[in-house]
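The values are calculated or read from the model by the stated rules, or taken from the named source; none is laboratory data. The model shown is predicted, which means the values in this text are computed figures rather than measured ones. When we count neighbours, we look across all protein chains shown, and the Cβ atoms used for this are built from the backbone with ideal geometry, even at glycine.
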Amino acid sequence: MESYGRARSDWPFPVDGVVINVNDVLAQAELGLGTDAPRWAVAYKFPPDQTKTRVTAIVWQVGRTGLVTPVAEVEPITLGGATVARATLHNRAQVQRLDLRVGDEVTIEKAGEIVPQIAEILRDRRPSDAAPVEIPTVCPQCGEPLSDDGPTLRCLNADCPAQLSRRLAHFVSDAGVGVHGLGPATISTLLAAGLVSEPADLYALTVAQLTPLVGAKVAEKLVAAVAESRDVSLERLITAVGIPRIGPAAARVVATHFGSLEAVMRSDTEAHIEGLSGTARAELRAYLAFEANRRQLERLLAAGLDPRQTKPTTGGVLAGRSFVLTGRLASLTRTDARALIEAAGGEVRDELTRQVDFVVAGENPGAKAENAKLLGIPVLDEAALRSLLSAQR
Ligand SMILES: [Zn+2]
């Protein structure tokens, strides 16, 4: 374990622990099962990487949902193989609890190798002139008063430019409606030119408007990409509009429950939705209660987006059948293949187990196709999948 700890800084990927596995099946049987894991497979976590540096500034960032979070800027240091110049402080309350000051020497650690955070403030080394951090009362981006929401600060201004650019970037991302080629720089250009102030505005952009900003070629591509994104599914549109606590999984629950955007907007906001947490439900309710949000959804419908989601059909041709996809299929993307199978009532799983009915294998299928043969599970190619799908229509 210690030797792995020393060696890991030379590895080209971050590592937060090691699993030691006994391969010998007889030895596995002898070691047996512990209370929550087999004794022959043990996971060890490395202690977090830590290093000292000095805080040079505290800046306040405005997120997509208006949350204003403090970030400590520090003298750059190397930590876990990466250069670190900022550390998260989570929220206003934590800054006050820690009484962190600019000029403080601090210990920074990477928890689970993800976001660096401040582990400790070396108070005895604090410079005498270090002043407490001022908590902002107005949004650093738009100047509107901030709402003081328990431990957090929030900018409630729906037109706040910081939120707007992040909201648009999220809207067009692959998790959202997926407009290819529309990155943060182009979004800034569109905002600066006053062409876009909410997602629906994207669908009114013309090549003539965009050409002076990005050139004719890019303008044409962009307009085509925006048009293509009209075909988005309901679950991705719900993800795209960025409702707090409604990520892709919750969006999918909402989408299959309601089936259309109109039904979501008409929904009885008090009703229970199977599979959706109470907090996510409350956020959806709060979102729909805001007139400006409803108007934005209506404008998306008016712009030609009409996303629908069919409920998984229990009576479909593939009802009760489970599939694992592997390799590159001839003409379908994985996402499309999954959608077709699910539309026919089938289920797509990530893990290959004995309970899986079919493996659909394309080019370079990897170990799953081999293992399927060993388990006696039929392996289909794309053509066979298509004939299965069209079996009863
Ligand atoms: Zn603001």
Could we say that Leu79 is surrounded by 11 or more Cβ atoms within 10 Å (Cβ to Cβ) and within 29 Å of Glu2 (Cβ to Cβ) here?
yes
Report whether or not Pro76 is outside any strand (DSSP E or B) and farther than 30 Å from Gly242 by Cβ.
no
Residues located in the range 71-93, provided they are of a type in the set (Asp, Glu) and within 16 Å of the ligand (Cβ to nearest atom):
none
So is Trp40 within 16 Å of the ligand (Cβ to nearest atom), touching a residue at least 12 places away in the same chain (Cβ under 8 Å) and surrounded by 12 or more Cβ atoms within 10 Å (Cβ to Cβ) or not?
no
Give me the residue from the range 47-70 that is within 16 Å of the ligand (Cβ to nearest atom) and part of a loop (DSSP other than H, G, I, E, B) and, out of that set, nearest to Glu105 (Cα to Cα).
Gly63
So Ser260 ticks every box in (1) small (Gly, Ala, Ser); (2) assigned by TED's automatic domain parsing to the domain that holds Tyr287; (3) surrounded by fewer than 14 Cβ atoms within 10 Å (Cβ to Cβ) but one. Which box is left unticked?
(3)
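Got a sec? Which of Thr335, Thr326 is among the β-branched types (Val, Ile, Thr) and surrounded by fewer than 16 Cβ atoms within 10 Å (Cβ to Cβ)? Spell out the reasoning first.
Working: Thr326 fails: surrounded by fewer than 16 Cβ atoms within 10 Å (Cβ to Cβ).
The unique qualifying residue is Thr335.
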What residue, among those in the range 156-188 that are over 21 Å from the mean Cα position of the chain (by Cα) and more than 14 Å from the ligand (Cβ to nearest atom), is surrounded by the most Cβ atoms within 10 Å (Cβ to Cβ)?
Thr186
Could you tell me which of the residues Leu191, Leu153 is over 19 Å from the mean Cα position of the chain (by Cα), under 22 Å from Gly247 (Cα atoms) and not in a loop (DSSP other than H, G, I, E, B)?
Leu153
Would you tally the residues in the range 112-151 being exposed (fewer than 14 other Cβ atoms within 10 Å of the Cβ) and of a type in the set (Lys, Arg)?
2
Pairs returned, first residue in the range 159-171 that is closer than 15 Å to Thr189 by Cα, second residue that is more than 11 Å from the ligand (Cβ to nearest atom) and among the aliphatic types (A, V, I, L, M), beta-carbon separation under 7 angstrom, 6 or more apart or interchain, are Pro161/Leu191; Leu164/Leu191; Ser165/Ile187; Ser165/Leu191; Leu168/Ile187; Leu168/Val196; Ala169/Ile187
Look at Arg101 and say whether it is over 30 Å from Ile20 (Cα atoms) and crowded, with 16+ Cβ neighbours inside 10 Å.
yes
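Given the structure, is Val15 outside any helix (DSSP H, G or I), surrounded by 15 or more Cβ atoms within 10 Å (Cβ to Cβ) and more than 16 Å from the ligand (Cβ to nearest atom)? Even if it seems obvious, please write down each step before you answer.
Details: outside any helix (DSSP H, G or I): yes; surrounded by 15 or more Cβ atoms within 10 Å (Cβ to Cβ): yes; more than 16 Å from the ligand (Cβ to nearest atom): yes.
In short, yes.
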Mind listing whichever residues of the range 354-379 are in contact with a helix residue (DSSP H, G or I) (Cβ under 7 Å, 6 or more places away or on another chain) and either at pLDDT 85 or above or of a type in the set (Gly, Ala, Ser) (or both)?
Val359, Val360, Ala361, Gly362, Val379
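Of all helices (runs of 4 or more DSSP H) completely enclosed by the range 328-393, which ones contain at least 1 residues that are farther than 27 Å from Gln309 by Cα and hydrophobic (A, V, I, L, M, F, W, C)? Break it down into steps so the answer makes sense when it comes.
Working: elements: 334-343, 367-375, 382-389.
Here the list reads 367-375.
So which residues in the range 138-153 are within 26 Å of Ala192 (Cβ to Cβ) and more than 9 Å from the ligand (Cβ to nearest atom)?
Initially, the range 138-153 is screened for residues within 26 Å of Ala192 (Cβ to Cβ), giving 138-146.
Matches in the range 138-153: Pro145 only.
Assess whether Phe323 counts as being over 30 Å from Ala204 (Cα atoms) and of a type in the set (Phe, Trp, Tyr). Don't jump to the end; show me each part of the working.
Details: over 30 Å from Ala204 (Cα atoms): yes; of a type in the set (Phe, Trp, Tyr): yes.
It is true that Phe323 is over 30 Å from Ala204 (Cα atoms) and of a type in the set (Phe, Trp, Tyr).
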